[in-house]
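The values are calculated or read from the model by the stated rules, or taken from the named source; none is laboratory data. In this text, all values refer to a predicted model and were calculated from it rather than measured experimentally. All Cβ positions, glycine included, derive from the backbone under ideal geometry; neighbour counts span all protein chains shown. Keep in mind that these areas ignore ligands, DNA and RNA; they rest on the heavy atoms of the full protein, side chains included. Shrake-Rupley method; radii C 1.70, N 1.55, O 1.52, S 1.80 Å.
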Amino acid sequence: MAEPERAGAGAARVDRWRGRLGSAGEDLAFSALAFVLALLPRLYVAIAWAREPVWDGHYYDFGARRVAAGLGYSDDLIVGGQAVWHPWCHYPVGYSGFLALVYRLFGDGPRAATVANAVTGALLVVVVHRLARYAATPARARVAALLAALSPGLIVYAALLMTEPLAALGLVTAPWLLARDAARGRPVRGAILAGVALGLSALVRPQSLLCAPALALLAMRGPEGTASGGAATASGGAAAWKRGALAAALSAATALAVVAPWTIRNCRVMDGCALVSTNGGWNLAIGAFPRATGRFETLRPGDGCPVARGQVAQDRCWMAAGIQWIKNDPGRWLALIPRKLSFTFDHESFPIGYLGEADPAAWPEERRAAGRRVLTASHLGLLSAAALGVVAMPRRRPRRELVAQAIALAAVLGLVALGVLGDGHAFWPLAVAIPLIAALPLPGRPANGGVVGYLAFAVASVALTHAVFFGEDRYHMVVTPALCILAACALRRGEAATAAEQAGYR
């Protein structure tokens with residue numbers, strides 16, 4: 001077949017594909033269907049499994065009730081027999097503020113918060129679908145949405161008064177807003193809206209701000225309207241870098257502006273200034289003090305800091321102590337990193353533990369063990385598939401591309417085999433491999449910039465944060481939606497092949 005004939009046939013196939021699946025701005029019907037599909041199991045869990053909040057959930061709920069009652073983020077101290085208003089900022093305010101709004105609008109009944117969680121989880125699935133359309137074909141975007149909708153961990157989380165799904169919503173909403181508006185030729189508006197979303201997410205989880213630089217990857221790509229919904233063709237050169245840097249800077253500035261009123265409040269009512277919360281020093285100390293195990297351990301006054309001081313001062317004390325412990329024995333601190341990452345990525349048991357603590361009679365050990373197995377198997381399978389999202393399906397030609405991608409594929413499969421067959425069942429190296437492989441300029445690689453690059457960066461931010469501080473499996477939940485998109489991108493075509501297809505589409 002002559003070259004023009006092949007191009008014409010390819011264009012005809014693309015037109016038929018567009019007709020079935022819609023362009024990157026369409027497929028709203030599937031987004032709506034995904035919302036319903038995600039909402040139903042989450043609503044069941046939210047209603048049937050809702051109990052008195054426990055662990056950190058108790059404090060989030062207590063703070064929300066105080067805010068809803070007009071008392072601010074605070075508690076009361078009894079001084080001389082009198083109740084004295086006492087401001088808080090140890091925990092980030094965002095989730096309690098969200099629940100306070102729910103309580104003011106709908107009342108603070110026993111299921112108000114969990115039903116709100118169910119709706120949040122369903123909206124998260126919708127955004128996963130919308131964002132995935134800028135990373136992969138429409139069919140793959142649907143797979144990403146289905147993975148998020150049916151994720152056992154994300155479903156169970158509806159019954160927990162914990163921050164991760166709300167923080168995750170901000171973490172994927174920000175890149176979607178920027179990708180959408182950049183594709184429409186309005187990157188400035190997209191950068192501002194992304195900054196708002198990232199700022200709100202930072203009020204729930206301050207580490208969200210770490211993802212601001214990765215927004216540059218979305219703005220570096222020019223306007224697109226491809227049927228595949230994939231990453232747009234790179235503009236290339238200094239102009240693209242400048243556009244990306246400006247968008248990231250604008251988003252970061254907007255995010256900080258969103259956070260600023262809360263920071264000013266802290267400076268005004270606390271014993272010192274705190275950007276969002278005062279648990280960073282605590283967390284560093286937990287990951288570095290002499291009794292550190294790599295996961296959460298309770299700090300005691302005898303470990304280095306007395307209790308009778310303000311929240312900001314105490315956090316700074318723990319921060320200084322943590323830094324000193326690291327300086328005193330850096331080898332021990334570094335040796336804990338694999339254990340911290342293992343606690344973060346190698347299992348998924350926190351949701352079941354929370355439910356068992358809230359309702360022990362309904363969750364005997366046998367049921368809890370079964371629940372942990374289901375959630376862990378689902379998570380590890382998703383993490384394994386997500387690592388393939390930055391690897392292309394090896395093709396026969398050219399040979400150097402085949403060899404490079406075959407090596408990358410073998411590396412990922414080797415890490416999966418090590419996790420399955422190894423004594424420690426360590427899957428955390430996959431979380432480290434995702435951003436590393438995405439960043440390597442391997443011949444024949446898939447389009448690992450744009451949305452995929454942002455998602456890989458988000459995974460790296462979680463790994464880095466908990467390598468420094470300490471690990472718990474609930475912390476990986478914030479990137480579970482990112483893993484769903486990466487898993488749906490597994491073994492795509494190489495970047496060169498995709499670019500040729502995009503040229504044919506246009």
Measure of exposure for ILE407: accessible area at 1.4 Å probe, Å² rounded to 10, is 110
With Rh as the Kirkwood radius over Cα pairs, the stretch 245-336 has Rg/Rh of 1.09
D (µm²/s, integer) via Stokes-Einstein for the chain, Kirkwood Rh across alpha-carbon pairs, 25 °C, 0.890 mPa s: value 103
For the chain the mean separation of alpha carbon contacts under 8 Å (6+ apart) over residue count, i.e. relative contact order in percent, is 17
Within the chain, cysteines having no neighbouring cysteine beta carbon under 4.7 Å are CYS89, CYS211, CYS484, CYS489
Here the equivalent ellipsoid of the stretch 343-463, derived from its Cα gyration tensor, has semi-axes (largest first, whole Å) of 35, 15, 10
For the ALA335, LEU421 Cβ pair and Förster radius 35 Å, calculated FRET efficiency rounded to 0.05 is 0.90
Among ASN117, PRO429, ALA247, the residue whose Cα sits farthest towards the positive end of the charge dipole of the chain (+1 at Cβ of Lys and Arg, -1 at Cβ of Asp and Glu, taken about the Cα centre) is ALA247
Hull surface over four for the Cα convex hull of the stretch 370-421, reported in nm², is 3.8
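Helix-only estimate, please: 222 nm mean residue ellipticity of the chain, summing -39500 (n - 2.57) across DSSP H runs of length 4 or more and dividing by its residues, to the nearest 500.
Result for the chain: -21000 deg cm²/dmol, rounded to the nearest 500.
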In terms of the alpha carbon gyration tensor, root eigenvalues a ≥ b ≥ c, rounded if a/c is under 1.5 and otherwise prolate when a/b exceeds b/c or oblate, the stretch 302-405 is oblate
Each label sits 7 Å from Cα toward the beta-carbon; between GLU357 and HIS58 the label points are separated, in nm, by 0.9
Given a Förster distance of 60 Å, the FRET efficiency implied by the Cβ-Cβ spacing of ASP108 and ALA238, rounded to the nearest 0.05, works out to 0.65
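With charges only on Cβ, +1 for K and R and -1 for D and E, what is the dipole size of the stretch 291-404 about its Cα centre, in debye, rounded to 20?
Using only the charged Cβ atoms, the result is roughly 780 debye.
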Subtracting the Cα-Cα distance of ALA369 and ARG189 from 0.36 nm times their residue separation yields 60.0 nm
Measure of exposure for LEU491: accessible area at 1.4 Å probe, Å² rounded to 10, is 40
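Which order do you get for ILE326, ILE192 if you rank them by accessible area with a 1.4 Å probe, largest at the top?
On the way: ILE326 35, ILE192 70 Å².
I get ILE192, ILE326, largest accessible area first.
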With label points set 7 Å from each Cα along the Cα-to-Cβ direction at PHE296 and ALA139, the distance between them in nm comes to 4.3
In whole percent, the fraction of accessible protein surface over the stretch 291-421 that belongs to carbon or sulfur atoms, probe radius 1.4 Å, stands at 62
Cα convex hull volume per residue for the stretch 56-121, in Å³, equals 92
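What's the extension gain from ILE264 to SER74 if we count 0.36 nm per residue and subtract their Cα-Cα distance? Spell out each step's value before the answer.
Numbers: separation 190, 0.36 × 190 = 68.40 nm, distance 1.59 nm.
Taking ILE264 through SER74 to full extension adds about 66.8 nm, to one decimal.
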At the level of C-alpha centres, the distance separating the stretch 294-334 and the stretch 149-174, in angstrom, is 30
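Let's test the formula: R0 of 30 Å, r as the Cβ-Cβ distance of ARG65 and ARG309. What FRET efficiency results, to the nearest 0.05?
Efficiency, rounded to the nearest 0.05: 0.70.
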Computed for the stretch 230-343: size of charge dipole around the Cα centre, +1 on C-beta of each Lys and Arg, -1 on C-beta of each Asp and Glu, debye to nearest 20, value 120
Full extension between MET393 and LYS327 adds, at 0.36 nm per residue less the Cα distance, a length in nm of 19.3 nm
